[in-house]
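Comments concern the structure below.
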Amino acid sequence: MAEKLDMKSMDITSENIAKIRALFPSAVTEVKGEDGKVRLAIDFDALKQELSEDLISDKAERYQMTWPDKSKAKVLASSRITATLRPDKEKSVDFDTTENLYIEGDNLDVLKLLRETYLGKVKMIYIDPPYNTGNDFVYEDDFAMSAEDYAEVSGQYDDQGNRLIPNPESKGRFHTNWLNMIYPRLKVARDLLTDDGVVFISIDDNELDNLLRVCNELFGERNLVAVFPWQARASMQNDTDISCNHEYVVAFAKIRRQENRRLKESNASSWYNSSSFACLPLPLNPENFENPDDDPRGPWKADPFDAPNVRPNLTYAIFNPKTGEEHWPPQGRHWRTEEKNYKKWLEDGRIVFGKNGDGRPQLKVFYEEKKDFGSVDTTWWTSDKCGTATQGTKEQMQLFDGFSPFDTPKPLKLLHQILKLVSRPSSNDIILDFFSGSATTAHAVMQLNAEDGGNRKFIMVQLPEKCDEKSEAYKAGYKTICDIGEERIRRAGKKILEGLGDRGKELEEASTLTATSYPLTPKLDVGFRVLKLDSSNMQEVYYNPSAMTQDLLGSTVDNVKPDRTPLDLLFQVMLDLGVELSAKIEEHTVNRKTYYTVNGNDIIACFDDDIDNDVITAIAKQNPLYAVFKDKSFATDSVGINNEQLFKTYSPSTVVKVL
């Protein structure tokens, strides 16, 4: 018998209960729910006994971070939804061939829908969330607090309802609302990261401390990669007491590698292929290397010969051959190697004593020997290296005929810097931004692919927030932030291809490029599929059969909403079966009935009415992994009954599903 599709977001609670049951069977019990059905549940007292000899009472003081309604934020991250994503082919670019996605909708619901399909598949997340300047949030979840609500839960009223302090603590409420907004989104987003994945978050001083505490809880303190101060402003701001010229980019890995860089250099390939995160080396700049002594090994630069810490076997006198001066390591440091190795390096011409030969010992570092290892980055991201907010605005103005439709776009240089730390050109990495805004991340991904021949893919998520009717963007025809982001990607893709000249035309038209001057490169993908968050395609009775009434029974032809298309149904099926939303979709016809294939024969779906045995047989003979039909698709009851037998005959391994 065909299986019924669930058509809900991933049940993360049941997944977690199953994991706990595998580790601690005695901590899992059975309870009867309100619907009378028996289900598994956690016995938390038993779990506490399993995990600790010394139990901590609920009232015991401990190191923790909390705020009003934090527990609700945790529940919100795990709660299931019945929403779906509907494709919009008209707004898309290269819908049939692109592997990029632009999703319109509240990012928490979208992340929940993506969780099952993209679990452990996203290499990098970059977000630029609201900085919390005290204004109302657009991202307000069901429990976002008013001033009165916050005053009550934060202890500003006594038992009789009298206010204990004169005014509501607005700053605390703003922090609470911000934390309730960001916590569940980061909690769900972490599940999407690969084991060697990393999240980068732009923030300013208002919530830096709270963001670090939240990330420490969700990712673990040991997985902090760095807090990068970014010089967002190069000029002075003279209308304040202090010109604030910096913001921050906070980076947390899902699993961070802790080994020393020297081990990395000893085996670079195994280091970077490991299933935990480490920053990629930045390319060495050949201009920093010279060859004043015509060394046959090529250009070099002089590095200090001392290193941190004190080790007796690495502490000895070195005499300058030219001056005879005696040198020892500076206080608290030692030489890089033992004395016998130093003498070999000196004989090999790898030790120099300053430009004129009368300084301290230094080690020659040759470009050819070090270029494959590159150099580490620093935590100070200057405006020269990562651009400024003003440059981000200018980049938009160049794309949008002289005006900037978005107030605070990030510059391309900043996203390039982040991408190069994480994603190799040879990768097929998925890059996610669920506060997409002006879509700088998508632009940067396409630009970097054009520069290094990469095949990175992006997923942008943005709430369709309405533009102010007085804004230049609205007057120019952009009604929502999504309109701006999508148009930027269209214009940026076109500009990138134009900038590549003849190569751009080849990349646009050909599936692959085989030229001696360029490596074998996939087609440069400057398209994107637009998907929109919406309520489920299914009637309410699909999820709640008990709601069926006699009137509804008489009026309902099937359990699919009348305004939904077969393509709408297909994308909800893809979500439910865990197939990437960028998968190749092809449309076919048999006996005047339309069916879709996804990724060849991963899924074959037919949602037409009056399907007969010939249609089912034609689909079964293609041996799909999944075959999907509507519950009301079959022409007669006998066809529905024969459905199972036909698949047993022609494709017994196919899993047959119905809506």
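None of the figures in this text is laboratory data; all of them are computed from the coordinates on show. In this text, all values refer to a predicted model and were calculated from it rather than measured experimentally. For neighbour counting, all protein chains shown are included, and Cβ atoms are generated from backbone atoms with ideal geometry for every residue, glycine included.
For this structure, a couple of remarks:
- Segment 323-403: GluC sites (Glu not before Pro) falling in loop per DSSP and having at most 14 other Cβ within 10 Å: GLU325, GLU338
- With K and R counted +1 and D and E -1, the other residues having a Cβ less than 14 Å from that of GLY357 yield a net charge of +1.
- Three-way shape label, segment 286-370, alpha-carbon gyration tensor, a/c 1.5: prolate
- For segment 272-330, trypsin sites (Lys or Arg not before Pro) are listed when DSSP marks them as loop and at most 14 other Cβ atoms sit within 10 Å of their Cβ; the list is ARG297, LYS322.
- A straight chain from THR408 to THR13 at 0.36 nm per residue would run longer than the Cα-Cα distance by 138.4 nm.
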